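Presented below is the structure to which this report refers.
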Amino acid sequence: MDVAQRVVGIVRSMRAKTNLKTRQPLTRIAVPASAETRRLIEQMNDVILEEINVKAIEFIDESSPIVRKTAIPNFKVIGPKFGKSVNAVAKRIKEMTSPEVIQLDQQGTFSTDVNGTSVTITREDVTISAQSIEGWLVESTDGLTVALDTSLTPELINEGLAREFVNRVQNMRKDAGLSVTDRIRIYFESSGRLADAVSRMSEYIKSETLATQVNTGRD
C-alpha cells in the first residue's frame, strides 16, 4: 500500500503541475523498478490505475531513454569533504551521464577520476533528478521514479469530456434531490468538440447517470 500511495502521489503531482485534470484519462505510466518493487506495484495494479485514471502500468529498465537522470552537486556536503578539489568534483558531478547517475542511485557510490585522483561520490553528495522528454513527464521521489505518458488521442479526449459531462449531471441529480435509482432524460445544448464527445460516448454517459436518453436541444 505504501508503494501504491507513492505512485499515486507522484502522478497526481505531475497532473497538478501541468493542469492535466484527474478526469482526463491517460494511456500509461512507465516505472523503472526492481523485481521487488514491481511485485508490490502489480499487487495494487487495479487500485493504482483507478486512482490515477490511467489505462496501464508498464515496467521499464532504468536505462530506458524515457528516464534520463541528472545529478546536481550538494555543496554543503562536498565542500567539507573535498576541500580545495570541490570545484573539480562538482564539475565532474554535473558532467555525469544518465547511466552513471543511475549507478550512483542504485549502488549508493560512484568512483571516478578527478584531475588524476580517484574519488568516490556518494548519494549524499548529490541531488538526483529525472528529466522529462517530449510526450512524457518524469518525476522521482524517495528513490521511486514514475514516467507519465501525456499524449492525448481523440478517444482519450472524448472520454475525458464525457467524464466531465457525467460529473455535471451527477451534481445536478444531487441538487435536485433525486434517488440514486431514479431514471432521467438528458437534454443539452453544445457545439463542436463537446457535442461530438457526448454523441460518441452516449452509452457510457447513460450508464453512469441512469439516463434513458441523451438528446441535443430542449425538452
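The values are calculated or read from the model by the stated rules, or taken from the named source; none is laboratory data. Source: prediction; values computed, not measured. Virtual Cβ from ideal backbone geometry, glycine too; neighbours counted across all protein chains shown. Each accessible area value is taken on the protein alone, full model and side chains, heavy atoms only, with ligands, DNA and RNA left out. Shrake-Rupley method; radii C 1.70, N 1.55, O 1.52, S 1.80 Å.
Numerical summary
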quantity: Karplus-derived HN-Hα couplings along segment 114-120 (A = 6.51, B = -1.76, C = 1.60, θ = phi - 60°), whole Hz, x at Gly and Pro; calculated: 10, 6, x, 10, 6, 10, 10
quantity: Rg to Rh quotient for segment 78-209, alpha carbon positions, Kirkwood Rh; calculated: 1.36
quantity: Fully extended contour minus Cα-Cα distance, from residue 64 to residue 45, at 0.36 nm per residue; calculated: 4.7 nm
quantity: Residues with amide H under 5 Å from that of residue 152, placed H, sequence gap 5 or more; calculated: none
quantity: For segment 92-99, 3J(HN,Hα) per residue [Karplus equation, 6.51 cos²θ - 1.76 cosθ + 1.60, θ = phi - 60°, Hz, x = Gly/Pro]; calculated: 5, 4, 5, 8, 4, 6, 4, x
quantity: Chain lengthening between residue 203 and residue 216 when straightened (0.36 nm per residue, less Cα-Cα); calculated: 3.2 nm
quantity: Among 210, 148, 80 - extreme Cα towards positive end, dipole of the chain, charges at beta-carbon; calculated: 80
quantity: Over the chain: helical MRE at 222 nm, DSSP H runs n ≥ 4 each giving -39500 (n - 2.57), nearest 500; calculated: -14000 deg cm²/dmol
quantity: Cα-based convex hull volume of segment 157-219 per residue, rounded to whole Å³; calculated: 73 Å³
quantity: Segment 1-125, Rg to Rh (Cα coordinates; Rh as Kirkwood inverse mean 1/r); calculated: 1.09
quantity: Net charge dipole size for segment 1-123 [Lys, Arg +1 and Asp, Glu -1 on Cβ; Debye, nearest 20]; calculated: 660 debye
quantity: Rounded accessible area of residue 112 (nearest 10 Å², 1.4 Å probe); calculated: 20 Å²
quantity: Contour minus Cα-Cα distance for residue 22 and residue 1 (0.36 nm per residue); calculated: 5.5 nm
quantity: Solvent accessible area, Å² - residue 100, 1.4 Å probe, full protein context; calculated: 40 Å²
quantity: Derived scalar couplings ³J(HN,Hα) [segment 71-77; Karplus, 6.51 cos²θ - 1.76 cosθ + 1.60; whole Hz; x for Gly, Pro]; calculated: 10, 10, x, 9, 5, 4, 8
quantity: Protein-only accessible surface order, largest first, of 174, 69, 94 at 1.4 Å; calculated: 174, 94, 69
quantity: Separation between Cα centres of segment 1-38 and segment 112-131, rounded to whole Å; calculated: 29 Å
quantity: Portion, in percent, of the accessible area of the chain that falls on carbon or sulfur, probe 1.4 Å; calculated: 48 percent
quantity: Per residue Cα convex hull volume in Å³ - calculated over segment 54-99; calculated: 96 Å³
quantity: Cβ-based net charge around residue 63, under 13 Å, with every Lys or Arg adding one and every Asp or Glu removing one; calculated: -2
quantity: Cα gyration tensor shape for segment 1-60, rounded if a/c is under 1.5, else prolate or oblate; calculated: prolate
quantity: Within-10-Å neighbourhood charge of residue 102 [Cβ basis; K, R +1; D, E -1]; calculated: -2
